[in-house]
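We did not get these values from a lab; they are worked out from the coordinates using the rules stated. Predicted, not measured: the structure shown is a model, and the values here were computed from it. A quick note on method: Cβ atoms are made from the backbone with ideal geometry, for glycine too, and the neighbour counts reach across all protein chains shown.
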Ligand code: TRP
């Protein structure tokens, strides 16, 4: 086995982690859920969820990764708790599962980039989405997206992921700022901001039982927790920098991009009088794309918009693939590039049902979101809190200058508060999966 790589710089690690976090979750999901669940008042709940639950949990994954300096499965063995390797294995499986359909959505985004240039979806966005979201187009572009992900991961940590995300993350932020500024010039923009940010405590209170688990689940998905991505990325750190500072930076930037996405999407929709309350995996493609048809320079704005979504999706997808690749190359005498390619091919195959039928895509997503992710996060928390315990505490305090009081607060958050929040989320998830009027767990055939 060759020498294990490390990040060239601390900023490189932070940007890669932000690249992993900022993805389709931020741009598609986040603004719409905020608007639907009470606007500004939902933001408050979400911020509590990300800082109170997401941040302690991301630190837990960082602790495992930096301490073990190994992939997400073998890490448990190196820390002296080989029995817990199954947790890493579950994470790996989850990542594999998610990437298979994430790549199909990535393929749609590629299709929309040139669809924007041609104005192909301008006359009938719904029919266009229906035509390209499944079948030959979807399969071919799923392959293209997966190919791009494989190439970056094959190049390795310093030359692939770090260099790519160093360009990608700043471009995401700059382009989104530009699009938000453009949105502000449209007439009707104010109505969009109102919809996104006006506090609606009624909507918040009426749906609290749904909102809290959603806010927690979204915090996990958006921060790329629960499948070893953050364990793996932290395993390439070789320094005593403060994990707390890095983790907070990542959480703040991730939330910032989600909010920024709202500032891009809602002025566009409201300027065109489009109802943002549509549902289903394709809703946003249809509604946001529909807005580009009539605005000034719609083709260019559409192109830029889908380009930034593609960059965000790619920088997340590489973290999902890296988890699996890093496990294989840590444990077998095989090269990074052939490994990435072979896994890419299997992921392509696993993604085929999703590329052929969006109902399958929805099913894959529901299972990941409601079951696989929360279970993996829960197990990681129990491991760090109750098994590593004091060892985790000293790792999290390293380089922070913070006292034991902070460390103990974190540890007990991980041990109790966060665990309870995840259990609640999981319980509600299982109810919708198995006990709802139409159990989502039944595969669509
Ligand atoms: N966080 C990404 C997003 O918001 C998706 C993602 C990447 C992810 N890696 C992950 C989600 C690991 C869960 C686990 O789109």
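Sequence-distant contacts, meaning Cα pairs under 8 Å at least 6 residues apart, place the relative contact order of the range 269-412 at 10 percent. To the nearest 10 degrees, how steeply does helix 358-367 sit against the main Cα axis of the chain, on a 0 to 90 scale? The helix 358-367 is inclined about 30 degrees to the chain. Label point of residue 241 set 7 angstrom out along Cα-Cβ; within the range 151-172, amide nitrogens under 20 Å from it belong to 156-172. The ranking of 14, 250, 98 from fewest to most other beta carbons within 10 Å of each one's beta carbon is 14, 98, 250.
A convex hull fitted to the Cα coordinates of the range 10-435 yields 129 cubic angstrom per residue. Classified by the C-alpha gyration tensor, the range 169-264 has an oblate form. Its axis ratio a/c, with a ≥ b ≥ c, is 1.5 or above, and a/b does not exceed b/c.
How many angstrom lie between the C-alpha centres of the range 310-356 and the range 370-409? The range 310-356 and the range 370-409 have Cα centres separated by 28 Å. Kindly provide the helix-only [θ] at 222 nm of the chain, computed as the sum of -39,500 (n - 2.57) over DSSP H runs of four or more divided by all residues, to the nearest 500 deg cm²/dmol? Value at 222 nm, helices only: -23000 deg cm²/dmol. Cα centroid separation, the range 195-217 to the range 80-109: 29 Å. Treating r as the C-beta distance of residue 206 and residue 294 and R0 as 51 Å, the FRET efficiency rounds to 0.90. Under the simplified labelling scheme, the residue 346-residue 402 pair shows an inter-label distance of 3.8 nm, with each label point 7 Å from Cα along Cα→Cβ. If the segment from residue 89 to residue 47 were pulled out straight at 0.36 nm per residue, it would be longer than the present Cα-Cα gap by 12.1 nm. Computed over the chain, relative contact order equals 33 percent, with contacts defined as Cα pairs under 8 Å that lie 6+ residues apart. Compared with the dominant Cα axis of the chain, that is its longest principal axis, helix 243-271 is turned about 10°.
Annotation: peptides 424-434, 29-39, ranked by per-residue average of other Cβ atoms within 10 Å with the highest first, follow the order 29-39, 424-434.
Here each label is just a point 7 Å from Cα along the line to Cβ, and for residue 11 and residue 127 those points are 5.0 nm apart.
Relative to the current alpha-carbon distance between residue 252 and residue 118, full extension at 0.36 nm per residue lengthens the span by 44.6 nm.
Counted by neighbouring Cβ atoms within 10 Å, the residues 142, 332, 81 run from fewest to most as 332, 81, 142.
When peptides 255-268, 338-351 are ranked by their average number of other Cβ atoms within 10 Å per residue, the highest-first order is 255-268, 338-351. Spin-label pair residue 417-residue 147: with each label point 7 Å from Cα along the Cα-Cβ axis, the two points sit 4.9 nm from one another. Maximal additional length on extending the residue 366-residue 391 stretch stands at 5.5 nm, based on 0.36 nm per residue less the C-alpha distance.
Angle of helix 298-331 to the longest C-alpha principal axis of the chain, folded into 0 to 90 degrees and rounded to 10: 20°.
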